[in-house]
Amino acid sequence: MVKRYNSKKIEQLIYNIYKGYGFTEEESQEVAHMLIYTDLIGIESHGVQRMIMYDDFIRNGKIRVHNRPEVVKETDVSAVVDAHFGLGQLNGIYSMRLAIEKAKQHGIGIVTTRNSGHYGIAGYYANMAAEEGLIGLSSCNSRSAMLPTHATKALVGTNPIAFAMPANPNTFIFDAATTTVPQGKIEVYRKLGKDMPALWVAKDGETPVNSHNDTKDLDALRDLDSNVGLAPLGGVTEDTGSHKGFGLGVIVEVFTAILSMGNTSNEITPDDLSVGPCQSFVAIDPSIFGDKDAIIAKFSAYLQAIRDLPSVSGKPVIVAGDKEAAAYQDRSANGIEIDDKTLAEVTGIAKRLGIDYAQYVD
Ligand SMILES: NC(=O)c1ccc[n+]([C@@H]2O[C@H](COP(=O)([O-])OP(=O)(O)OC[C@H]3O[C@@H](n4cnc5c(N)ncnc54)[C@H](O)[C@@H]3O)[C@@H](O)[C@H]2O)c1
Ligand SMILES: O=C(O)C[C@H](O)C(=O)O
């Protein structure tokens, strides 16, 4: 069952939990803001729902509460950051701030970060640049989950690509996994007991796994030696374009793991504490190309022309970022959606940390 909860109260609860782990007040505020923003824009797979995963990582030492990111190589327009297995969200905020600073001074900044932790939604970091009037890009790799075209075993992560650019009335934010869905969405479907569309998960290359009751098959997603994996964007066969999502996923590895000389997706196993995901952060000042306001006005007019297209289904034609802007308005006013299993996980963490959680979830 899914219920709505006051986002401000849940944000306070998250803040208390991260303070309880040992993060500073400022860090706890940043993480709480990042996670609640994810739920406010309607991405239930990667906000509060993921707190149990971070809790496991913090408890088993995969995320190291007291480690901080360090710049290990730098030019005017680029940097390599070693995150030393600190919290992914804090590393992401740090690295994007660095990219933004470089873009403001030199027109462009690109930062690649190794030995990080899972950083949640890529779009949060891309949007940080857009909020400063810049174009932002962010991607990350993750544990292997994607079946390369014709392969029976997964060896590429769900590797999202996020792009944000200021526009009116909404910032254009495209943020998507390079698999048909991310693992987090499957976790949500399993929590809700919902069957999935047939082409999200496959075993032996092409056999669909779509029932939430196929527990063994879905659990095998976490096992690199299994023959179960996620379809790349484009589906599981070359005919439908699987090679395109596969190619995009490998490009993400270049900007994240290869340039930073960190771990590629095939090396990231949840149980190995000495490996971590890699991320990339790009900020570009449109002014290096011309009049920034005119560029944004031209882009906004183009997006509006797309929205104005007639639709066959009766559903409005929208552009990336519109759905999230609408969700933000709705959830800020009416509360974020949390399923009962996730709520139990979060209140369980709070209880263990000695936090009086009842006042936040009434
Ligand atoms: N940290 C990690 O390792 C990791 C890995 C994979 C995914 N993720 C995150 O998971 C989140 C969810 O990913 P997803 O693949 O489920 O994304 P999604 O399918 O929810 O959305 C993808 C994008 O499509 C746009 N969109 C949605 N409907 C549209 C429509 N009708 N017309 C035009 N545009 C539309 C959205 O605005 C969004 O930008 C992302 O934020 C991603 O960064 C994280
Ligand atoms: O779950 C992961 O390891 C990566 C990502 O968050 C996903 O949902 O696919």
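From the list I52, I63, I43, which residue is hydrophobic (A, V, I, L, M, F, W, C) and more than 14 Å from ligand 1 (Cβ to nearest atom)?
Sole residue among the options that is hydrophobic (A, V, I, L, M, F, W, C) and more than 14 Å from ligand 1 (Cβ to nearest atom): I52.
Here S274 passes the criteria (1) of a type in the set (S, T, N, Q); (2) modelled with pLDDT under 95; (3) more than 30 Å from Y21 (Cβ to Cβ) except the one numbered (3). The residues in region 279-308 that are in a strand (DSSP E or B) and over 21 Å from A129 (Cα atoms) can be counted, and the count is 0. Checking the stated criteria, S313 turns out to be of a type in the set (S, T, Y), more than 30 Å from V254 (Cβ to Cβ), free of Cβ contacts under 8 Å to residues at least 40 places away in the same chain and not assigned by TED's automatic domain parsing to the domain that holds G20. G123 satisfies every condition listed in (1) of a type outside the set (D, E, K, R); (2) surrounded by fewer than 24 Cβ atoms within 10 Å (Cβ to Cβ); (3) closer than 30 Å to V361 by Cβ except (2). Restricted to region 302-349, and to residues there that are among the hydroxyl-bearing types (S, T, Y) and within 26 Å of the chain's Cα centre (by Cα), the residue that is surrounded by the most Cβ atoms within 10 Å (Cβ to Cβ) is T342. Assess whether G276 counts as being in a loop (DSSP other than H, G, I, E, B) and at positive phi. In short, no. On the stretch given as region 15-46, residues that are assigned to a loop (DSSP other than H, G, I, E, B) and not small (G, A, S) total 6. Right, P208: in a strand (DSSP E or B) and either hydrophobic (A, V, I, L, M, F, W, C) or more than 21 Å from V31 (Cα to Cα) (or both) or not? Here the answer is yes, as P208 does meet what is asked.
Which of the strands (runs of 3 or more DSSP E) found entirely inside region 93-171 contain at least 3 residues meeting this: under 30 Å from A305 (Cβ atoms) and in the same structural domain as I258 (by TED's automatic domain parsing)?
Values: elements: 108-114, 135-140, 161-165.
Strands (runs of 3 or more DSSP E) meeting the threshold: 135-140, 161-165.
Going through (1) surrounded by fewer than 22 Cβ atoms within 10 Å (Cβ to Cβ); (2) touching a residue at least 40 places away in the same chain (Cβ under 8 Å) one by one, K102 falls short only on (1). Against the conditions (1) more than 16 Å from ligand 1 (Cβ to nearest atom); (2) surrounded by fewer than 24 Cβ atoms within 10 Å (Cβ to Cβ); (3) in a helix (DSSP H, G or I); (4) not basic (K, R), D76 satisfies every one except (3). Could you tell me which residue of region 192-205 is farthest from P232 (Cα to Cα), considering only residues that are more than 15 Å from ligand 2 (Cβ to nearest atom) and touching an Asp or Glu at 6+ places or on another chain (Cβ under 8 Å)? The residue in question is L192.
Within region 250-273, being outside any loop (DSSP other than H, G, I, E, B) and under 22 Å from A79 (Cα atoms) holds for V250, I251, V252, E253, V254, F255, T256, A257, I258, L259, S260, S265.
Note on region 172-191: residues that are assigned to a strand (DSSP E or B), more than 8 Å from ligand 2 (Cβ to nearest atom) and either under 10 Å from the mean Cα position of the chain (by Cα) or not aromatic (F, W, Y) (or both) amount to 3.
Of the numbered criteria (1) away from ligand 1 (no atom under 15 Å from the Cβ); (2) more than 30 Å from A294 (Cβ to Cβ); (3) touching a helix residue (DSSP H, G or I) at 6+ places or on another chain (Cβ under 7 Å), the one R143 fails is (1). In region 244-265, the residues that are touching a residue at least 12 places away in the same chain (Cβ under 8 Å) reach residues that are in a helix (DSSP H, G or I) with C-beta atoms within less than 6 angstrom, at least six apart or across chains, in these pairs: N263/A257; T264/E253; T264/A257. Looking only at residues in region 252-301 that are of a type in the set (S, T, Y) and surrounded by 13 or more Cβ atoms within 10 Å (Cβ to Cβ), the one that is nearest to the chain's Cα centre (by Cα) is S280. Across region 40-63, a minimum of one residue is classified as away from ligand 2 (no atom under 16 Å from the Cβ) and of a type in the set (D, E, K, R).
The values are calculated or read from the model by the stated rules, or taken from the named source; none is laboratory data. As the structure is a prediction and not an experimental result, all values here were calculated from the model. Positions of Cβ are backbone-derived with ideal geometry, glycine not excepted, and every protein chain shown enters the neighbour counts.
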